[in-house]
1. Which condition from (1) touching a Leu at 6+ places or on another chain (Cβ under 8 Å); (2) touching a residue at least 60 places away in the same chain (Cβ under 8 Å) is the one that Ala163 breaks?
2. So which residues in the stretch 170-184 are under 13 Å from Gly208 (Cβ atoms) and either outside any helix (DSSP H, G or I) or without any contact (Cβ under 8 Å) to a residue 24 or more places away in the chain (or both), if there are any at all?
3. Just one of the numbered conditions (1) touching a residue at least 40 places away in the same chain (Cβ under 8 Å); (2) open to solvent by less than 40 Å² (accessible area, probe 1.4 Å) is not true of Ala62; which one?
4. Could you say which residue among Leu317, Leu239, Leu270, Leu249 is at pLDDT 95 or above, under 22 Å from Met32 (Cβ atoms) and open to solvent by less than 10 Å² (accessible area, probe 1.4 Å)?
5. Looking at the stretch 147-160 only, could you name the residues that are over 16 Å from the mean Cα position of the chain (by Cα) and in contact (Cβ under 8 Å) with a residue 40 or more places away in the chain?
6. Give Leu34, Leu81, Leu48, Leu67 a once-over and let me know the one that is within 22 Å of Met296 (Cα to Cα) and surrounded by 12 or more Cβ atoms within 10 Å (Cβ to Cβ).
7. Would you confirm whether or not the stretch 141-152 contains a residue that is assigned to a loop (DSSP other than H, G, I, E, B) and either under 20 Å from Leu275 (Cβ atoms) or touching a helix residue (DSSP H, G or I) at 6+ places or on another chain (Cβ under 9 Å) (or both)?
8. Given (1) in contact (Cβ under 8 Å) with a residue 60 or more places away in the chain; (2) closer than 22 Å to Lys236 by Cβ; (3) part of a loop (DSSP other than H, G, I, E, B), identify the lone condition not met by Glu50.
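The values are calculated or read from the model by the stated rules, or taken from the named source; none is laboratory data. Please read these numbers as outputs of a predicted model, since none were measured by experiment. When we count neighbours, we look across all protein chains shown, and the Cβ atoms used for this are built from the backbone with ideal geometry, even at glycine. Quick note on the areas: whole protein, heavy atoms, side chains included, nothing else; ligands and nucleic acids left out. Shrake-Rupley method; radii C 1.70, N 1.55, O 1.52, S 1.80 Å.
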Amino acid sequence: MRKVELYRFSLPMEAGVILRNQRLKTRDGLLMCLTQDGKQGWGEISPLPEFSHETLEEAEEATLGWLHSWVTGDQAFESALPSVAFGTSCALAELDGRLPETADYRKAPLCNGDPDELFIALGAMAGEKVAKVKVGLYEAVRDGMIVNLLLEAIPDLKLRLDANRSWTKAKADGFAKYVSPEFRSRIEFLEEPCKTRDESREFARETGIAIAWDESVREADFMVKAEPGVAAIVIKPTLVGSIQRCHSLIHQAHNAGLNAVISSSIETSLGLTQLARMAAWLTPETIPGLDTLSLMQAQLVRKWPDSDLPLVDIDSLEVVWRR
């Protein structure tokens, strides 16, 4: 016998979290639980404002349709909405035992502009030191100076940078001028520095700074292939789709000699723990990009190891549908 439960959540964010053109005050989404033969599978469905094409209302409607098909035993096809496809695939994978329990809780510390905080986080890291710095929020020259400072101060540091297509080619060049050529090889990649792929490719050729595809991965005309100056693809499952879709992209990347990095779309602690399990399974040699829990003021249902944030349990959530 099959049972389903669908809940709605809204978790407060830390002040000052800005996504492109809006301040994110709460992280809103849905949690689903599938039950069959005494086993359970959970999935989080939380479209990310400013990044997901679907709204939460559209995701909820699609999820309810999918759940109705599943609970009545009909064929529940993979949703065309990425957040729904990811959440439902996680729930099914847990239910079927296909999502391994082993998790990779390593994370590349995220720096949003304060280098001092990053120094503290890196000091606590064991083994390989990899951090992520958001660039493009301030002046490109300032970003270049901060990146150069970090690489100069910490000789064994490698950086992942993310510009979210925010720079013109001229601004990207301005950034590069302030990063010493001797340090550029320790930039693992810069995600989509320019507004177009061709400009980003040109930037990589001219500066020797490797780039990674992020937004491009989610576009219809994107193909995974080896290219000069391209080091990796970044996979954000909430924005990409099902576990199966992510697995296919990772396989293609590895076959092309590219790195693949599983990264967060500011999921809750429940979603993040599932991403950590995917990372241990599909990209075991690569530190995932999951350092976003600190942007929230609470955890949800499942705890992230070593987090002191309070835990919101399932009884505190609004029930959307139960059968």
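1. Evaluating Ala163 over (1) touching a Leu at 6+ places or on another chain (Cβ under 8 Å); (2) touching a residue at least 60 places away in the same chain (Cβ under 8 Å) leaves (2) as the failure.
2. Val179, Ser180, Glu182
3. Only one criterion is unmet by Ala62, namely (1).
4. Values: Leu317 fails: open to solvent by less than 10 Å² (accessible area, probe 1.4 Å); Leu239 fails: open to solvent by less than 10 Å² (accessible area, probe 1.4 Å); Leu249 fails: under 22 Å from Met32 (Cβ atoms).
One residue alone meets the criteria, Leu270.
5. Just the residues of the stretch 147-160 that are over 16 Å from the mean Cα position of the chain (by Cα), to begin with: 147-159.
Hit for the stretch 147-160 is Val147, nothing else.
6. Numbers: Leu34 fails: within 22 Å of Met296 (Cα to Cα); Leu81 fails: within 22 Å of Met296 (Cα to Cα); Leu67 fails: within 22 Å of Met296 (Cα to Cα).
Going through Leu34, Leu81, Leu48, Leu67 in turn, the sole match is Leu48.
7. Keep residues of the stretch 141-152 that are assigned to a loop (DSSP other than H, G, I, E, B), which gives none.
Within the stretch 141-152, none of the residues are assigned to a loop (DSSP other than H, G, I, E, B) and either under 20 Å from Leu275 (Cβ atoms) or touching a helix residue (DSSP H, G or I) at 6+ places or on another chain (Cβ under 9 Å) (or both).
8. Checking Glu50 against (1) in contact (Cβ under 8 Å) with a residue 60 or more places away in the chain; (2) closer than 22 Å to Lys236 by Cβ; (3) part of a loop (DSSP other than H, G, I, E, B), the one that fails is (1).
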